[in-house]
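The values are calculated or read from the model by the stated rules, or taken from the named source; none is laboratory data. None of the values given here were measured: they were computed from a predicted structure. Counting neighbours? That spans all protein chains shown, and the Cβs are built from the backbone with ideal geometry, glycine included.
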Amino acid sequence: MTRHWQTVCEHADLAQGRFVEFSLTDDTGAEGEQSGFAFEREGRLYAYLNRCPHLGIELNWMPGRFMDLDNCFIQCANHAALFIPENGQCIAGPCQGDALTPLEVTEDGGAILVRAPE
Ligand code: FES
């Protein structure tokens, strides 16, 4: 994965707790195999790879649906692992003690940008 900032959506797209999914691109702008998701919680921006540490597959089955019913934890749709939204730590499920892979996320002029961590 290369390290470059990539615009994934507008800040307004994250209103009302919405999650935005995207494919990570390489330096040429071509979409790669990896996908991610971004969201805003309590005024802070977060983004992670959409990859469950249990089996390395995408977390969600429904587009934009990542949270549990109580809207407290990110929940893997496959085997119901629960992750703390603010740090990606898995606190229950088959990958307990593991974590989601965070992406760097920032805002610039109303656009949300992400890049892979070092
Ligand atoms: S693939 Fe996510 S809990 Fe099994």
Response to the item:
Given the conditions (1) near the ligand (Cβ under 9 Å from one of its atoms); (2) assigned to a strand (DSSP E or B); (3) surrounded by fewer than 17 Cβ atoms within 10 Å (Cβ to Cβ), every one holds for Asn78 apart from (2)
Worksheet item: Can you name the residue in region 1-37 that is under 20 Å from Glu58 (Cβ atoms) and among the polar types (S, T, N, Q) and, of all such residues, is surrounded by the most Cβ atoms within 10 Å (Cβ to Cβ)?
Response: Gln6
Fill in: Residue check, Gly56 away from the ligand (no atom under 16 Å from the Cβ), surrounded by fewer than 16 Cβ atoms within 10 Å (Cβ to Cβ) and not β-branched (Val, Ile, Thr)
no
Practice prompt. Check Gly93, Gly109, Gly43, Gly97 and return the single one that is without any contact (Cβ under 8 Å) to a residue 12 or more places away in the chain and more than 23 Å from Cys9 (Cα to Cα).
Written response: Gly97
Worksheet item: Between a first residue in region 74-87 that is at negative phi and a second residue that is more than 10 Å from the ligand (Cβ to nearest atom) and at pLDDT below 95, which pairs have beta carbons less than 7 Å apart while being 6 or more apart in sequence or on different chains?
Response: none
Worksheet, complete the sentence: Picking from Pro63, Pro94, Pro102, the residue that is surrounded by 14 or more Cβ atoms within 10 Å (Cβ to Cβ) and under 17 Å from Phe19 (Cβ atoms) would be Pro102
Worksheet entry | Residues located in region 23-35, provided they are touching a Gly at 6+ places or on another chain (Cβ under 6 Å) and assigned to a strand (DSSP E or B) | Leu24
Fill in: Residue in region 36-48 that is assigned to a strand (DSSP E or B) and farther than 26 Å from Ala92 by Cβ present
no
